[in-house]
Amino acid sequence: MTADTDQPLLEVRGLAVRFGALTAVDDVSYRLAAGRTLGVVGESGSGKTVSALALLDLVPPPGRIAAGAVRWQGRDVDAPARHALRGRHVAMIFQDPLSALNPALTIGAQVAESLILHQGLAGAAAREAALGWLERVGLPEARRQAAFYPHELSGGLRQRATIAIALACGPAMLIADEPTTALDVTVQARILDLLLDLQAELGLALQFISHNLAVVSEIADDIAVMYAGTIVEIGPAQRLFAAPHHPYTRALLAALPRPGQRRPPEPIAGMVPTLAERAAGCLYADRCPLVLPACRLARPRLTDIGDGRSTACIRQGEVAA
Amino acid sequence: MSALLAVERLVKEFRGRGGPVRAVDDVSLAVEPGEVVALVGESGCGKTTLARLILALEAPTSGRVLLAGTAPAGRKRTARRIQLVFQDPFGSLNPRLSAARIIAEPLAIHRLGTRRERGERVAALAAAVGLDPAQLGRRARAFSGGQRQRIAIARALALDPEILILDEPLSALDVSVQAQVLQLLLALRERRRLTYLFISHDLAVVEAVATRVAVMYAGRIVEEASRDALFDDPRHPYTRLLLASIPRLGAGKRRHDTAPEPPRDAPRWTGCAFAPRCARAVDRCRAETPALASVAGTPAHRAACHFRDEAAA
Amino acid sequence: MMRFIARRTVQALIVLALMSVAIYGLIGLMPGDPIDEMIANDPRLTTADAQRLKAVYGLDRPLPERYLAWAEHALAGEFGYSRLYNAPVLDVIVPRLANTVGLMTTSLALALIVALPLGVLAARRANGWLDGAINLGCFAGISVPTFWLGLMLMVVFAVRLRWLPAGGTGVAEGGTVIERARHLILPVATLAVVTVPVYTRHVRAALIEILGLDFVQTARAKGASEARVIWRHALPNALMPVVTLLALELGGLFSGALVTEQIFAWPGMGKLIFDAIMGNDYNLALMALLFATAATLVGNLAADLAYARLDPRVRYDRR
């Protein structure tokens, strides 16, 4: 993981989330330092969103946090106390800004609410400060647009507004769950730049969740690859792409159409096991070209393989062949 | 006319606030048999409206659509020859119907075959798209996104069309599933000699599968070229912007520019619609609408830009 | 927006005119008229007298002619005379209207005050035991017949315990605020038992749907307390169905609740309309019913305007 000399801002160990008898997220561990970006990559069913929600105690019932330790700024935060992290310490933005914003409130009011809740401002002071935030996220006519309702703005501006709402809380960390997936590609590029700018300016730790590896690679320092509820590989972004150490990571890279590669990409056979189908042993076994009988006996744990990387595969050395 | 599908000067106008809005503005396109023509553009560019016009789901304000040289008579006739696969596999299938009924529905509507014959056809189609025939009795909502898209493809093939319009068929799918469905689509094209009109905003996928690409902006085609020509040598500033915006793996943290995109209801310019966003724009661009004309030396590569003859820096 | 309101007002006036024709016609089609009633009550009236009276009241003329005569007077502001009460129609209606509005508004307000928190509670603990209990209560409330409930309440509280009066508005006992309040309690309670469940269920259903939406998640992620999330974010968006119901209720606000008024001897519009129709008192019946119609139309317009206020995505002035 990150070669940091200071204490990481956030440390998660062994996070597990269950829905009734089914395990959605299991044994998720990672670290994040201030000013760094962790990209969390995974497909549907990978648990990437649920594990982020678990951090802030936002998992909707019947989900519940079954295990896991979280350390924030060096202190342990148990499950009930994670509620207090919301907004003030860790803010979160979601995928679709149209449905993520209250349709009945102006965006100015929604930004102001963050300030009222966490910065002790009220009334006119809150409104002025809200304007400041809207300008900072790049709204071209902040004063006029603060009175707009979410449906009156374009997708890109809406997402900028949600970023303003999140950052106005004054957090040290931002979790962005697929923030650009619903946006056009040119708009996406600008939003990514905005996030990088704001991160540099505010020293934010950023957890960027996406199913799109290419997008994540443009913004992340480290990448955690999730599959069927657990992290299968984690490490510095460029090294991960250059030489993957988990068969799933490798297959995922091969399934992406690459610029300049003018032929269809290689599909991964099979499907992600549903919550109910998760047997013992490695969850990728049924789709893995390197599978051995030993793989099905026990779930491989995430092991440090040096160089800042960890992977959950017993044949990790043979992957990047 | 060898073109299988020809769109001639199609215009579709809607009444918007403050005057008529042209969702499709004088678009002409020809698709030869066996091609994969990709229609690329961002939201609001008119590509979906264009698809609807081709399928006769909407009537054009002016212009026409020709199939193998003749204008088809009405929507039902068009449906026999061109079919559509939608973007959203969750919204485009009635969740309460069984997969078998969904696939058989076009046959029922056009009164083709006896019940037994339809059943056999459905089974054959399911096999062709990689669905387990034993599962066909299950309701649509029991299937995953990728499987639903397969059902949608099977349904589209039921009438044995010549052309498939695929409107963002992969966008709602996981990456690994995208690759699977893409592989299926290409195999089907080979086996059944289909022609595809592939609408997408995902240039990476387009680069992998298209034979020819048309880029749309504000209701017009601004560049049209063979796949290789477009990606190697784009001649329209918007195309260059699109290509520069595609996230690239392995390039590390990249910077673009942070100024926000202009609002969609920007004042209507005479001249080039892209001028407000174009670094290269000069007065001529604002005064004179550039025509979609051939780049010097390569007649098949056309761009709607006054500077089309300048290669990228 | 003003064009929208203007358009709706014109539509409302047209509806009122049509309603007046319909009501007048329907009452006219009923057999018998006030003169026949007088004959039935007083055998000394001869046929000649009857015919003379009919001529005086204009009852011997054909229906359309009578309607037009009424309409002419109505447009000039004269709404006629009530035969049953021997007084100008407005003098009869207004005090009864006041009583009814007082009763209905109080019970509606009370119902909302109870139903909103109850609905919120049921939605927050949806599918739990508390929700089940509240739902059961709602079904019970809706199923209870009003007349039985009213009578039971009267038997218990007015007859047995003698805590509350059995009927009337309290005017006869001095008309003080306290007396009026005491007289309101039983009829309001009766009406509330039926109204609360309906609103509770609507609030619960709407809120459950809203609570599943993304923006509620955003509000929580901001660190807003659950109370703030519910009352400031979720509930305002969930009020649309409640507004719809209220709009429909507004007509009822003016036409009263016949059964309850009857049981508690509440001199309101319900009984008035009933008596007027049965007694063939055209003018009275017509005006009373038109009041109710106008109230419903106003209520609908108010509801539409409220939608626009509650949900900024609702626009009435497209194109």
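The values are calculated or read from the model by the stated rules, or taken from the named source; none is laboratory data. Given the structure is predicted, the values throughout are model-derived calculations rather than measurements. Cβ coordinates were reconstructed from backbone atoms using ideal geometry, including for glycine residues, and neighbour counts include every protein chain displayed.
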Let me confirm something: among C:110, C:153, C:121, which residue is in contact (Cβ under 8 Å) with a residue 60 or more places away in the chain and in a helix (DSSP H, G or I)? C:110
Of all residues in segment A:243-270 being facing chain B (nearest Cβ under 7 Å) and charged (D, E, K, R), which is nearest to residue A:313 (Cα to Cα)? A:266
Which of (1) surrounded by fewer than 21 Cβ atoms within 10 Å (Cβ to Cβ); (2) in contact (Cβ under 8 Å) with a residue 60 or more places away in the chain; (3) away from chain A (no Cβ under 14 Å); (4) of a type outside the set (Gly, Ala, Ser) is the odd one out, the single condition residue C:272 does not satisfy? (1)
Could you grab me the full set of residues in segment A:64-95 that are within 13 Å of chain C (Cβ to nearest Cβ) and crowded, with 18+ Cβ neighbours inside 10 Å? A:82, A:85, A:86, A:87, A:89, A:90, A:91, A:92, A:93, A:94, A:95
Test: residue A:199 is more than 30 Å from residue B:210 (Cα to Cα) and of a type outside the set (Ser, Thr, Tyr): yes
Might you check whether a residue that is within 30 Å of residue A:182 (Cα to Cα), in a helix (DSSP H, G or I), within 14 Å of chain A (Cβ to nearest Cβ) and at pLDDT 90 or above occurs anywhere in segment B:132-145? no
When residue A:114 is run through (1) hydroxyl-bearing (Ser, Thr, Tyr); (2) assigned to a loop (DSSP other than H, G, I, E, B); (3) within 11 Å of chain C (Cβ to nearest Cβ), the failure sits at (2)
Being of a type in the set (A, V, I, L, M, F, W, C) and either more than 14 Å from chain C (Cβ to nearest Cβ) or closer than 30 Å to residue A:29 by Cβ (or both): is that true of residue A:104 here? no
Give the residues of segment C:221-241 that are surrounded by fewer than 23 Cβ atoms within 10 Å (Cβ to Cβ) and in a helix (DSSP H, G or I), sorted by residue number. C:226, C:227, C:228, C:229, C:230, C:231, C:232, C:235, C:236, C:237, C:240, C:241
Within segment A:128-156, how many residues turn out to be closer than 14 Å to residue A:194 by Cα and either among the hydrophobic types (A, V, I, L, M, F, W, C) or within 14 Å of chain C (Cβ to nearest Cβ) (or both)? 4
Could you list, in sequence order, the residues of segment A:143-166 that are among the hydrophobic types (A, V, I, L, M, F, W, C), farther than 26 Å from residue B:239 by Cβ and crowded, with 21+ Cβ neighbours inside 10 Å? A:146, A:153, A:161, A:163, A:164, A:165, A:166
Can you tell me which residue is farthest from residue B:252 (Cα to Cα) among those in segment A:1-49 that are in a strand (DSSP E or B) and polar (S, T, N, Q)? A:23
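Only one of C:92, C:144, C:101 is under 22 Å from residue C:255 (Cα atoms) and touching a strand residue (DSSP E or B) at 6+ places or on another chain (Cβ under 8 Å). Can you tell me which? Spell out the reasoning first.
On the way: C:144 fails: touching a strand residue (DSSP E or B) at 6+ places or on another chain (Cβ under 8 Å); C:101 fails: touching a strand residue (DSSP E or B) at 6+ places or on another chain (Cβ under 8 Å).
On inspection, the qualifying residue turns out to be C:92.
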Within segment B:78-129, residues closer than 27 Å to residue B:190 by Cα, touching a strand residue (DSSP E or B) at 6+ places or on another chain (Cβ under 9 Å) and not aliphatic (A, V, I, L, M) come out as B:78, B:81, B:83, B:86, B:87, B:92, B:106
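Checking the condition in contact (Cβ under 8 Å) with a residue 40 or more places away in the chain and out of contact with any Lys or Arg (no Cβ under 7 Å at 6 or more places or on another chain), which residue from B:101, B:148, B:121 passes? Even if it seems obvious, please write down each step before you answer.
Values: B:101 fails: in contact (Cβ under 8 Å) with a residue 40 or more places away in the chain; B:121 fails: in contact (Cβ under 8 Å) with a residue 40 or more places away in the chain.
Matching residue, one of B:101, B:148, B:121: B:148.
Per-residue answers, yes or no, for (1) surrounded by fewer than 12 Cβ atoms within 10 Å (Cβ to Cβ); (2) at pLDDT below 85; (3) among the hydroxyl-bearing types (Ser, Thr, Tyr):
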site: C:72; (1), (2), (3): yes, yes, no
site: C:76; (1), (2), (3): yes, yes, no
site: C:80; (1), (2), (3): no, yes, no
site: C:100; (1), (2), (3): no, no, yes
site: C:108; (1), (2), (3): no, no, no
site: C:119; (1), (2), (3): no, no, no
site: C:123; (1), (2), (3): no, no, no
site: C:133; (1), (2), (3): no, no, no
site: C:150; (1), (2), (3): no, no, no
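Every residue, every condition in (1) in a loop (DSSP other than H, G, I, E, B); (2) of a type in the set (D, E, K, R); (3) on the phi > 0 side of the Ramachandran plot, yes or no:
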residue: A:248; (1), (2), (3): no, no, no
residue: A:253; (1), (2), (3): no, no, no
residue: A:257; (1), (2), (3): yes, no, no
residue: A:262; (1), (2), (3): yes, yes, no
residue: A:272; (1), (2), (3): yes, no, no
residue: A:276; (1), (2), (3): no, no, no
Restricting segment A:27-44 to residues that are in contact (Cβ under 8 Å) with a residue 60 or more places away in the chain and either among the hydrophobic types (A, V, I, L, M, F, W, C) or touching a Pro at 6+ places or on another chain (Cβ under 8 Å) (or both), the one nearest to the other protein chains (Cβ to nearest Cβ) turns out to be A:41
Test residue A:52 against the stated conditions and say whether it is within 14 Å of chain C (Cβ to nearest Cβ), under 27 Å from residue A:275 (Cβ atoms) and in a helix (DSSP H, G or I). yes
Would you check which residues across segment B:101-121 are of a type outside the set (Lys, Arg) and farther than 17 Å from residue B:85 by Cα and list them? B:108, B:109, B:110, B:112, B:113, B:114, B:117, B:119, B:120
For segment A:20-34, give me each residue that is modelled with pLDDT of 90 or more, surrounded by fewer than 21 Cβ atoms within 10 Å (Cβ to Cβ) and either within 12 Å of residue A:231 (Cα to Cα) or touching a helix residue (DSSP H, G or I) at 6+ places or on another chain (Cβ under 7 Å) (or both). A:29
Can you tell me how many residues in segment A:185-242 are within 12 Å of chain B (Cβ to nearest Cβ) and in a helix (DSSP H, G or I)? 28
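Listed residues C:209, C:261; which is part of a helix (DSSP H, G or I), within 14 Å of residue C:99 (Cα to Cα) and touching a residue at least 12 places away in the same chain (Cβ under 8 Å)?
Values: C:209 fails: within 14 Å of residue C:99 (Cα to Cα).
On inspection, the qualifying residue turns out to be C:261.
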